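Here's the structure we're looking at; comments come further down.
The values are calculated or read from the model by the stated rules, or taken from the named source; none is laboratory data. Note that the structure is a prediction, hence the values are computed from the model and not measured. Cβ: placed from backbone, ideal geometry, glycine included. Neighbour counts: every protein chain shown. The protein model used for the area step is the full one, side chains on, heavy atoms only, and it has no ligands, DNA or RNA in it. Shrake-Rupley method; radii C 1.70, N 1.55, O 1.52, S 1.80 Å.
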Amino acid sequence: MMKHYLLEKPSPWIVKHAPLIAKEGRVLDLACGNGRHAICLAKQGYRVDAIDRDAQALSSMLGVDNINASIADFEAGGWPDSERRYDGLIVSRYLYRPLLLTLAEMLNPGGVLIYETFMMGNEHYGKPSNPDFLLQPDELLEVYSPALTIVAFEQGEQKTPRPAVMQRICAVKNL
């Protein structure tokens, strides 16, 4: 089993905006990978549903208090509980466009969406390079601004932790 101290550090974007989520709220970490965000949030008292299609990656969260880890492949139609609502929703380095609007619907009133992933231009730095997995300029802003109140948005080139072109948004569902 992977030791928690060997996990990649949580994204500064997610760490910065996570305090906007209701204290001890229910959070969904979508396509969570090895749980770098789920573990960080669970240690702060949030109740986290960590979902990924990779059972081996999920194994890093076994025995961590406040985490309910589940295997699901969203792109194959797997969704464990589409009726559940969340106080916070985290997505990092994952893009499956058919889910974008569903995510806003899954938030409780006052719920916080914190999303970051790669965008056009990232192909110059490596993977992902397929346009299906790269956001267009302002895409998250255009998708979420009609349904959510935008707290913060940024896009462009980053140098650390590795060179990439990213787009990030933090938005809140109106009460």
Could you please find all residues in segment 20-29 being in a loop (DSSP other than H, G, I, E, B) and either buried (at least 23 other Cβ atoms within 10 Å of the Cβ) or touching a helix residue (DSSP H, G or I) at 6+ places or on another chain (Cβ under 6 Å) (or both)? Ile21
Tell me yes or no: at least one residue of segment 144-156 is at pLDDT below 95 and either of a type in the set (A, V, I, L, M, F, W, C) or touching an Asp or Glu at 6+ places or on another chain (Cβ under 9 Å) (or both). yes
Output yes when any residue across segment 149-157 is closer than 24 Å to Ile51 by Cβ and touching a Lys or Arg at 6+ places or on another chain (Cβ under 6 Å), and no when none is. no
Could you check segment 35-65 and list, in sequence order, the residues that are open to solvent by less than 20 Å² (accessible area, probe 1.4 Å) and at positive phi? Gly35
Given (1) over 23 Å from Met166 (Cβ atoms); (2) surrounded by 15 or more Cβ atoms within 10 Å (Cβ to Cβ), identify the lone condition not met by Cys32. (1)
So is Leu103 open to solvent by less than 20 Å² (accessible area, probe 1.4 Å), touching a Ser or Thr at 6+ places or on another chain (Cβ under 9 Å) and of a type in the set (A, V, I, L, M) or not? no
Just to be sure I understand, how many residues within segment 109-149 are closer than 18 Å to Ala18 by Cα and open to solvent by 50 Å² or more (accessible area, probe 1.4 Å)? 2
Among the numbered criteria (1) out of contact with any strand residue (DSSP E or B) (no Cβ under 7 Å at 6 or more places or on another chain); (2) at pLDDT below 95, which single criterion is violated by Leu103? (1)
Residue count, segment 93-110 (criterion: outside any helix (DSSP H, G or I) and in contact with a helix residue (DSSP H, G or I) (Cβ under 9 Å, 6 or more places away or on another chain)): 3
Is it the case that some residue within segment 154-164 is within 22 Å of Leu20 (Cα to Cα), open to solvent by less than 60 Å² (accessible area, probe 1.4 Å) and of a type in the set (S, T, N, Q)? no
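At pLDDT below 95, open to solvent by 10 Å² or more (accessible area, probe 1.4 Å) and touching a helix residue (DSSP H, G or I) at 6+ places or on another chain (Cβ under 7 Å): is that true of Glu83 in this structure?
no
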